[in-house]
Amino acid sequence: MEIKIVIFALSKTCLNVLLLREKAPTSPRRFSLPWGLLEPHETLEMATQRIYCGVVALENIFLEQTQTFV
C-alpha cells in the first residue's frame with residue numbers, strides 16, 4: 001500500500017506544507033507529498049515515522065494522525 005503524508009506547520013501568519021521537488025529531469029518544477037510503501041510488518045504510524053525521518057533526517061518528533069483515506 002502506498003502512503004502519502006501531509007506534513008504542515010502553523011506559523012503566526014500562514015500554514016506551511018512540506019513538498020518535495022520531483023527528481024525526474026523531465027519535470028524539474030513539479031512537487032509531491034512525501035510518500036512511501038507500507039511494509040507488511042508495519043503499522044501506519046511506524047511507516048509514517050520511517051518515511052518522515054528519511055525525508056527530514058529528524059527523529060523522535062511529534063506526529064499526529066488526523067485522518068486516513070483509503
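The values are calculated or read from the model by the stated rules, or taken from the named source; none is laboratory data. Not measured: the values here are computed from a predicted model. Methodologically, a virtual Cβ is constructed for each residue, glycine included, from the backbone with ideal geometry; neighbour enumeration extends over all protein chains shown. These accessible areas exclude ligands, DNA and RNA; they are computed on the full protein's heavy atoms, side chains included. Shrake-Rupley method; radii C 1.70, N 1.55, O 1.52, S 1.80 Å.
Some points to look at:
- Of all accessible heavy-atom area on the chain, the percent that carbon and sulfur account for (1.4 Å): 58 percent
- Sparsely packed loop sites in the chain (the trypsin sites (Lys or Arg not before Pro) outside DSSP H, G, I, E and B with at most 12 other Cβ atoms within 10 Å) comprise LYS12, LYS23, ARG29, ARG30.
- Stokes-Einstein D (µm²/s) once Rh is taken as the Kirkwood radius of the chain over alpha-carbon pairs, at 25 °C in 0.890 mPa s: 181 µm²/s
- Considering only LEU15, LEU37, LEU58, the mean-square fluctuation computed in a Gaussian network model of the chain, springs between alpha carbons under 10 angstrom, is largest for LEU15.
- Solvent-accessible area per residue in the chain equals 87 Å², computed with a 1.4 angstrom probe and all protein chains kept.
- Mean separation of Cα pairs under 8 Å and 6 or more residues apart, divided by the residue count, gives the chain a relative contact order of 26 percent.
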